[in-house]
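The values are calculated or read from the model by the stated rules, or taken from the named source; none is laboratory data. Every value quoted in this text rests on a predicted model; they were computed, and no experiment measured them. Positions of Cβ are generated from backbone atoms using ideal geometry, with glycine treated the same way; all protein chains shown enter the neighbour counts. Ligands, DNA and RNA are stripped out before the accessible areas are found, and what is left, the full protein with its side chains, is counted by its heavy atoms. Shrake-Rupley method; radii C 1.70, N 1.55, O 1.52, S 1.80 Å.
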Amino acid sequence: MAAMIETQDLTKYYQRGGTPALQGVTAQIPAGNVGLLGENGAGKTTFIKICLGLLAPTAGTARVLGMANTERALRRKVGYMPEDDSLSPDLSPMDLLVRLGRVSGLPFRAAMERAHDVLYLVGLGEERFRPIEGFSVGMKQRVKLAQALVHDPKLVFLDEPTSGMDPQGRDEILQLIKNIRERLQINILLSTHLLADVERTCDAVVILREGQVLAQGYLKDLLAGFEDLVYVRIFGDLNGFAQCLQRASLSVSVLGSELAIEFDGERVYEILWREAANQGVQIRRIERQGHTLEQLFLRLHNLNPHPSPLPARERG
Amino acid sequence: MQAPKGVIYDQGYRRYEGAYRGRGYAIWSLFSADFKRALGIKKGLWYRVFLWIFFLIITVQTVFVFFFDFAAELGSPTPATFGQPHSFLFDLMSVILLFLSAMVAPDLLSNDRKSKALQLYLVRPIELYDYLLAKAGAIFGFLMLVALVPQLGLFVAKTFTSEDAVQYIANHARDLGALTLSSGLYAFFYTVFAMALSSLTTQRSQATGAIIALPFFLGLGAALLLILTQNQYVQLLDLDSLPAGLKNALVGVSYGQQNVQITLGDRSFSFESLDWPIYLLAYGAVVAFSLSVVLFSYAKERP
């Protein structure tokens, strides 16, 4: 499948001699819902702005939907939901979307029709004529999402779409994002530091850290190389029990008030119960979980104090 | 059971199958939207109140000039300093044009930068220059309208009150060109000046204050320097004198005498108008500097 976004050695310095925001980022981002994951300051917004032509890279190239990032025709095919507020407070969503739709090239009538449709799609149908200054954070996020969709783009860049939202609002926005891909077949690049958002909505992920790519690929491939974890909560000496299990050749980590044991077969349970009986420890809870993106993310950070590309499979 | 009838008209969000217009259409759409905003359409109550107050003042000025000129034609004694009525009306209106530019330019420019809305435009298929051109066009169009319509109204009023309307038009048809050009000179000057100051700040109130205050203090300084030095060229510091000097060359002076003499106590000072090429040079210099300020302050928005 052709890559939606291709970058080659993308580098960006904001100040000569300073820390690079991006360094040598080479990525092939497939079509679909893709997460751009990283801590604050990892370079996510810089990456997006270079792809959109809002920033010039110091070195390297970027191609989006088969076109150079600086081509004007590309900007008709992409939408951008920025992290900043970016909304004119005295305009209504309807006025804003018609204006931006027309600037994108939509004839007036089409811009009006699509503005109505998109605002209903994002759940602002009843508020579309109210000035934006009176909107809540969640409503403003929806307006930003709507303006990114009004001109029917093929690819939408969403920068922290759930920023500042309450749990219910976040849930609704994430569902909306999933619907945009599934119903409307619009590709999405979701930039966020929230792992759960990516896990819930995305099929693939690019993980950035300090301006470099830590990992990239489909989630199922990235997580396939890691074993499940068995979480155990006990009543007793947690650290002592962990050492016993380690002596019995289990791979154990202490996570707060729980133990996380890598599952490599049913013998894990046999050893667990045997050692619990020997040590007089009460097992209160056992739960086996598939490897989550959070665990992948933390593991990549722990294994890569100086980030470099990591193969998807860790075990042979 | 009957088959359901009817047609679904609202199908919700659909993919767009039509054609996209070009860059020229995008600039035009941005211009027309901002031109409507300048006229107060869908703006707040206070914006429209101030706008109509200014329109009322200009209307009163136009009526005043017409009746003053009409009275002079009937033979009533008038101050010797009163001269060409259209020129006089420009002199009265110039302050209003300054205030209107101070109202409109920050609203169209500073707001977008303050709210960081500019990036929403630059991810569309237009360039930064297109955006600035549309904004300038909207401000210029608005000020041009405000400057020209009263002049045309005065022209029409004088036509209908003349002894022979047809003859009046025949004799003064060329004046319409001079009025249009003079209105354009004023509108363009205040457009670029107001854009320059608006581009320096994201705070609308700061830009408005600067646009009003700077010409005032420069004019005051010019007058003081003129009195102190008697160097006529310092009057070029009075920004309003630049379009006024060109207007005088096109339309005629609004004063009966080219030069004005003022007596303060036992001292007298004379203020002489300069030749129009000097005003043109100064006008061009201010416009070029203002445009440079706009382009420089927006330079960081360009990739």
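Stokes-Einstein, applied to the Kirkwood radius of chain B over Cα pairs at a viscosity of 1.002 mPa s and 20 °C, places its translational diffusion at 98 µm² s⁻¹.
Here chain A is treated with +1 on each Lys and Arg Cβ and -1 on each Asp and Glu Cβ, and its dipole about the Cα centre works out to around 840 debye.
Within the shell of other residues whose beta carbon sits under 13 angstrom from the beta carbon of residue B:233, the net charge comes to -3, with Lys and Arg scored +1 and Asp and Glu -1.
For segment A:202-207, the Karplus equation 6.51 cos²θ - 1.76 cosθ + 1.60, evaluated at θ = phi - 60°, returns couplings of 10, 9, 9, 8, 10, 9 Hz by residue, with Gly and Pro reported as x.
Of all beta bridges that DSSP places with both ends in segment A:3-223, some 50 percent have antiparallel geometry.
Tell me, which longest segment in chain B has none of the trypsin sites (Lys or Arg not before Pro) that fall in DSSP loops with at most 10 further Cβ atoms within 10 Å?
B:16-303
Which residues make up the longest stretch of chain A that has no GluC sites (Glu not before Pro) in a DSSP loop with at most 14 other Cβ atoms within 10 Å? Counting at most 14 other Cβ atoms within 10 Å as exposed, the longest clean stretch of chain A is A:40-265. By the Stokes-Einstein formula, at 0.890 mPa s and 25 °C, segment A:2-54 with its Kirkwood radius over alpha-carbon pairs has D equal to 206 µm²/s.
So, with +1 on the Cβ of K and R and -1 on the Cβ of D and E, and no other charges, what is the size of the charge dipole of chain B about its Cα centre, to the nearest 20 debye?
I would put it at about 1760 debye.
Principal axis extents of the C-alpha atoms in segment A:227-290 (largest first, rounded to whole Å): 28, 22, 17. Judged by the gyration tensor of its Cα atoms, with axes a ≥ b ≥ c, segment B:192-259 is oblate; a/c meets the 1.5 cut and b/c is at least as large as a/b. When the P(r) is computed for segment A:72-217, the part past 22 Å accounts for 38% of the Cα-Cα pairs. Once the Cα atoms of helix A:93-103 and of chain A are each reduced to a long axis, what angle between those two axes, in degrees from 0 to 90 to the nearest 10, is obtained? The answer is roughly 70 degrees. Residues of segment B:112-147 whose accessible area (probe 1.4 Å, heavy atoms of protein chains only) drops by at least 50 Å² once all protein chains are present, relative to their chain alone: B:115, B:119, B:120, B:121, B:123, B:124, B:125.
Computed over chain A, the P(r) curve from all C-alpha pair distances, binned at 10 Å from the origin, holds 6, 23, 27, 20, 13, 8, 3, 0 percent per bin. Compared with the dominant Cα axis of chain B, that is its longest principal axis, helix B:276-298 is turned about 30°. Chain A packed on chain B takes about 3800 Å² of accessible surface away from a 1.4 Å probe, both sides summed. Compared with the dominant Cα axis of chain B, that is its longest principal axis, helix B:85-114 is turned about 30°. Projecting the Cα atoms of B:249, B:31, B:66 onto the dipole axis of the protein assembly as shown, where Lys and Arg carry +1 and Asp and Glu carry -1 at the beta carbon, places B:31 farthest toward the positive end. State whether the protein assembly as shown is rounded, prolate or oblate according to the following rule on the C-alpha gyration tensor (a ≥ b ≥ c being the square roots of its eigenvalues): a/c under 1.5 gives rounded; otherwise a/b larger than b/c gives prolate, and the remaining case gives oblate. Here the protein assembly as shown falls in the prolate category.
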